[in-house]
Amino acid sequence: MTQELHDSGLRLRLLGPPAVLRDGVALALPGSRKLLALLGYLAMAPRPVGRGRLCELLWDVPSDPRGELRWCLSKLRGLLDEPGRRRVVTDGDTLALDLGGCRVDALEVAAAEAAGLGGLDAGGLRALLDRFGGGFLDGLELDRCPQFGSWLLAQRRRFRAAHVTVLERLAALLPAGSDAAVAALDAWLELEPTDVRAHLALLAALAARGQPAACDAQLAAAARLFAAEGLDFAPVRDAWRTAGRASTPAVAAPAPETGDAPAATAGRRASLAVMPMEEPGGARGGLADGLTHDIITRLARLRSLFVIARGSVFALAEQGVGRAEAARRLDVDYVAGGTVRQHRDRIEVSVELADARTARIVWAETFDHAADGALAVLDTIGDRIVASIAGEIETAERNRALLKPPSSLDAWEAYHRGLWHMYRFTQPENAQARRFFEMAVRLDPTFGRAHAGLSFTHWQSAFQHWEDRDQQAAHAFAAAREGVLVDDRDPAVHWAMGRALWLRGGRDEAVAELERAVDLSPNFALGHYALSFVHSQSGDPAAAIGSSDLSRNLSPFDPLLFGFLGTRAMAHVRLGEFAEAAQWAVKAASRPNAHPTILAITALCLALAGRTDDGKAYAAAIRRTLPGYGVEDFLRSFQFAPDAVALYRQGARNLGLE
């Protein structure tokens, strides 16, 4: 709704812990997190929202979602309504907040951003800075509400980026080296600890104060930070040297320990530069820059790639350097870029990923969406871009590794060679994958993803009953534990640990590890899939469906897509929705690398849906590969709740799979 920026008696605070103030006095808020989520969502909504949409967003299929919504609305009316003015507005089946004359910090920031932050002087920027009391709806989290979680994450990224921009512009306008400028730069670095521009600006400010020792200390601290994050410190060091200010030229990021691995190759990862997205007319500071920053940040959090920092690529773009030349200067393996066009009612984003060595286009895609909720749309597009870039680079690196003789592989190449064999999902290929992962671990013991891959092969051997389950579960856990020890911030090692814990019967501990994986990287599709896998058996089946859908949206061509689809089928079984279960299971079985367990899910779901003849065809296909396969083999692979066990036994009786 419209936002007036003049003072008034009612004020909403959304940037920081949520609060409602009347005449400067904070009102007591109900303890309901759903109510606070509803308040934040309606306050930011550009138009009225349907009740059904709110129920879907905030309630994970309770007995009476509309009743709970009515209760929240009654509490909101008590907080917001005034004599003679109802601020909670209903019109048919839609809801909105009338915020005329009410100050809302997030809307004030959004309005200033839309008008252009470049037009504000230092006083205006300071006033805007006062609106930031923390992150958007700081401290608020909802369990089992993935759609709201995605929206909340997008809002937090949006306002964090706006906060950084305000601090950056304010520091540039203040006298160089002043206490206020240094304070703004310190706050900028607190929000973005690895932003090259922030480090260089702070070094310049310290130099302007005549503090060379402080510059050296700051440079050394930055080197340690970048090394700990696995990021390239050279842009900071080289830019500072070029400026002629470094009094200790020898400062450099400490080299990682590599054991017996060759120094040049042991810690290698594929490198990537994401050049700033372009808008018509060369406009900067808008949606395109925000999307670029978001993509760089999310790709870095995956930790499977060496991603050039935002400051370096933006600096090159400002010099008019094109993608090919930027890739040459940065010495990267891959370079990505594209355009953002905002039409009257559409947003169009075109992206290309190129192999910098050959200039070959590896992947290109155009995303065209309705512009309703532009930031939410860009968040969705960003998800797809990040997952696609990571997946395409992984495929390209895997194919490249296949062309090299095994004796010449480094740890990175051995890992990708292992992935190629792993995704065949047969016992001989799984054994071959294990050998390559062991090679990668031997070459670089600090390579977390190699430990995760090794854990996966042991997990497969246990799940598929190829080897002793207890022994393989112990090996899967040990490999995952090593991965966590060497790189606790890699989502893949927590994914491996969560699956290993599930094998050992620790469902709650497994869920906690898998949630840690997706917290570290919300774009990690395998983490969402593994959560769906666990919940589809004995947890929350509705949450399993949400996680399955999210994993497929993030990685629609994933080698494990049969699993993404199969877990959704199993969730529908537990909800008693057998026709839907059969539909999703058939899709899973149609994947080219679906293994016999997936075919068993399909056969049993079809039987429960009353499609016995179709189910028997799948059962016959299983027994052509595994002649003695029966329902006990199927149940032994999983950890179903008792209600699901009874249903699968019923389906097996109909198929003759007892």
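The values are calculated or read from the model by the stated rules, or taken from the named source; none is laboratory data. Treat the numbers as computed from the prediction; the structure is a model and nothing was measured. Note: ideal-geometry Cβ built from the backbone for every residue, glycine included; neighbour counts use all protein chains shown.
Some notes on this structure:
- Pairs, first over 19 Å from THR292 (Cβ atoms) in the range 352-364, second β-branched (Val, Ile, Thr), C-beta under 6 Å, six or more apart: ASP355/VAL362
- Complete set of residues in the range 470-496 that are of a type in the set (Asp, Glu) and either within 14 Å of LEU454 (Cα to Cα) or touching a helix residue (DSSP H, G or I) at 6+ places or on another chain (Cβ under 7 Å) (or both): GLU482, ASP487, ASP490
- Restricting the range 409-454 to residues that are assigned to a loop (DSSP other than H, G, I, E, B) and polar (S, T, N, Q) leaves a set whose member that is surrounded by the most Cβ atoms within 10 Å (Cβ to Cβ) is THR446.
- The set of residues from the range 168-188 being closer than 12 Å to LEU202 by Cα and either among the hydroxyl-bearing types (Ser, Thr, Tyr) or touching a Lys or Arg at 6+ places or on another chain (Cβ under 8 Å) (or both) comprises GLU168, GLY177, SER178, VAL182.
Residues are listed down the side, and each one gets a yes or a no for (1) under 22 Å from GLU394 (Cα atoms); (2) aliphatic (A, V, I, L, M):
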position	(1), (2)
VAL441	yes, yes
GLY448	yes, no
SER455	yes, no
GLU482	no, no
VAL493	yes, yes
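- Reported count of residues in the range 616-636, each being surrounded by fewer than 18 Cβ atoms within 10 Å (Cβ to Cβ) and part of a helix (DSSP H, G or I), is 11.
- The set of residues in the range 526-553 that are in contact with a Phe, Trp or Tyr (Cβ under 8 Å, 6 or more places away or on another chain) and over 16 Å from ALA510 (Cα atoms) comprises SER548, SER551, ARG552.
To keep it simple, each residue is scored yes or no on (1) polar (S, T, N, Q); (2) assigned by TED's automatic domain parsing to the domain that holds ASN553; (3) part of a loop (DSSP other than H, G, I, E, B); (4) surrounded by fewer than 16 Cβ atoms within 10 Å (Cβ to Cβ).
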position	(1), (2), (3), (4)
LEU95	no, no, no, no
LEU99	no, no, yes, no
ARG131	no, no, yes, no
ASP138	no, no, yes, yes
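- Candidates GLN147, GLN155, filtered to the one that is under 30 Å from LEU514 (Cβ atoms) and either modelled with pLDDT of 90 or more or surrounded by 18 or more Cβ atoms within 10 Å (Cβ to Cβ) (or both): GLN155
- In the range 18-63, residue surrounded by the most Cβ atoms within 10 Å (Cβ to Cβ) [restricted to those that are basic (Lys, Arg) and part of a helix (DSSP H, G or I)]: LYS34
- Test: residue in the range 597-613 that is in contact with a helix residue (DSSP H, G or I) (Cβ under 8 Å, 6 or more places away or on another chain) and surrounded by fewer than 14 Cβ atoms within 10 Å (Cβ to Cβ): yes
- Picking from residues in the range 101-117 that are under 30 Å from the mean Cα position of the chain (by Cα) and crowded, with 20+ Cβ neighbours inside 10 Å, the one that is farthest from HIS163 (Cα to Cα) is VAL104.
- Residue selected from the range 298-336 under the condition of a type outside the set (Asp, Glu) and on the phi > 0 side of the Ramachandran plot, by the criterion modelled with the highest pLDDT: GLY320
- Within the range 269-283, residues that are under 17 Å from ILE347 (Cβ atoms) have Cβ atoms under 7 Å from residues that are of a type outside the set (A, V, I, L, M) and at pLDDT below 80 in these pairs: GLU279/GLY286, counting only partners at least 6 apart in sequence or on another chain.
- Scoring THR194 on the criteria (1) among the polar types (S, T, N, Q); (2) surrounded by 20 or more Cβ atoms within 10 Å (Cβ to Cβ); (3) over 28 Å from LEU291 (Cβ atoms) leaves a single failure, condition (3).
- Leading residue by the ranking (surrounded by the most Cβ atoms within 10 Å (Cβ to Cβ)) among those in the range 455-510 that are part of a helix (DSSP H, G or I) and of a type in the set (D, E, K, R): ARG499
- Residue match in the range 336-347 (condition: under 21 Å from VAL386 (Cα atoms), in contact with a Ser or Thr (Cβ under 7 Å, 6 or more places away or on another chain) and touching a residue at least 40 places away in the same chain (Cβ under 8 Å)): yes
- If you check PRO83, PRO48 for being more than 22 Å from LEU575 (Cβ to Cβ) and touching a Ser or Thr at 6+ places or on another chain (Cβ under 6 Å), only one passes: PRO48.
- Residue list for the range 151-192, filter: assigned to a loop (DSSP other than H, G, I, E, B) and closer than 28 Å to GLY40 by Cα: GLU192
- All positions within the range 324-361 that are part of a helix (DSSP H, G or I) and either in contact with a helix residue (DSSP H, G or I) (Cβ under 6 Å, 6 or more places away or on another chain) or surrounded by 16 or more Cβ atoms within 10 Å (Cβ to Cβ) (or both): ALA326, ALA327, LEU330
- Test for VAL321: is it hydrophobic (A, V, I, L, M, F, W, C), within 24 Å of TRP412 (Cα to Cα) and either touching a Lys or Arg at 6+ places or on another chain (Cβ under 9 Å) or in a loop (DSSP other than H, G, I, E, B) (or both): no
- Residues in the range 566-615 that are free of Cβ contacts under 8 Å to residues at least 40 places away in the same chain, assigned to a helix (DSSP H, G or I) and of a type in the set (Lys, Arg): ARG568, LYS587.
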